[in-house]
Amino acid sequence: MAWVETERAQLVRTLRETDPFAPTLCEGWDVRRLLAHLVLREHAPWRIAADVARRPKPGQEKNLGAEANAAGTPQGYAALVDRFAAGPGRLSPFRTDAANLVEYVIHHEDIRRGAGAAVARQLPAGQQQALWKQLGMMARMGYRSSPVGVELALPGFGRRRVKAGSPSVLVSADVVELALHAMGRRAAANVSIEGGGDAVRAFREWAAR
């Protein structure tokens, strides 16, 4: 089984066990709305694009809201979880592992940590390696506005520079924590930041915005 399918199965289990009205790490989104995002992303991405075009405040997206409202009952929520569990359709642009593994891991943690989970998950070594491999491009996007250079370090797997520049900082952690930090969940990520005093201070101030 591909690691993306392993993560999907675990995410589905978490979704079934979590209060659909619980908060997540995504501003304005409860679990229902985050689940609606996952489903529409894979089955009707143009509806997400239409929401983005309207530039609503988080939690006020029209199409996501319609799907989330339909999941307001236990039966409706279970049906929406089932749609996600079934996977992307044959013609979905999000059928590949590369398009989904980081997405699933991040949103899995959005749900777990938004609901107050304190114990970090320990992913299998193979899944860590796959996530580390796929994190590069997304991390470069996540750190593109950093005021200093950024290098990521995953113990046992190596280092990767994701933002050029001098001075720079080294961000070290488990791969899930690195993914959360790179993708804007910085307050929830447990990472170590090393470098010169001014560089670390500038980076921390930027990351806290």
Check off (1) aliphatic (A, V, I, L, M); (2) in contact (Cβ under 8 Å) with a residue 60 or more places away in the chain; (3) open to solvent by 50 Å² or more (accessible area, probe 1.4 Å) for residue 102 and give me the number that stays unchecked.
-> (3)
If we scan the stretch 133-141, do we find a residue that is of a type outside the set (D, E, K, R), in contact with a Phe, Trp or Tyr (Cβ under 6 Å, 6 or more places away or on another chain) and surrounded by 12 or more Cβ atoms within 10 Å (Cβ to Cβ)?
-> no
Does residue 148 satisfy the criteria of being in contact with an Asp or Glu (Cβ under 7 Å, 6 or more places away or on another chain) and surrounded by 19 or more Cβ atoms within 10 Å (Cβ to Cβ)?
-> no
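Among 124, 155, 167, which is surrounded by fewer than 17 Cβ atoms within 10 Å (Cβ to Cβ) and closer than 29 Å to residue 32 by Cα?
Details: 155 fails: closer than 29 Å to residue 32 by Cα; 167 fails: closer than 29 Å to residue 32 by Cα.
Just one listed residue meets the conditions, 124.
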Can you spot a residue in the stretch 171-185 that is more than 24 Å from residue 110 (Cα to Cα), assigned to a strand (DSSP E or B) and either open to solvent by less than 20 Å² (accessible area, probe 1.4 Å) or charged (D, E, K, R) (or both)?
-> no
Can you name the number of the only condition in (1) in contact with a helix residue (DSSP H, G or I) (Cβ under 6 Å, 6 or more places away or on another chain); (2) modelled with pLDDT under 95; (3) outside any loop (DSSP other than H, G, I, E, B) that residue 92 fails?
-> (3)
Failed item in (1) over 14 Å from the mean Cα position of the chain (by Cα); (2) more than 19 Å from residue 7 (Cβ to Cβ), with residue 141 passing the rest | (1)
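The values are calculated or read from the model by the stated rules, or taken from the named source; none is laboratory data. Just so it is clear, the structure is predicted and the values come from calculations on it, not from any experiment. Heads up, the Cβs are rebuilt from the backbone with ideal geometry, glycines too, and the neighbour counts pull from every protein chain shown. What goes into the accessible areas is simple: the full protein's heavy atoms, side chains included, and nothing from ligands, DNA or RNA. Shrake-Rupley method; radii C 1.70, N 1.55, O 1.52, S 1.80 Å.
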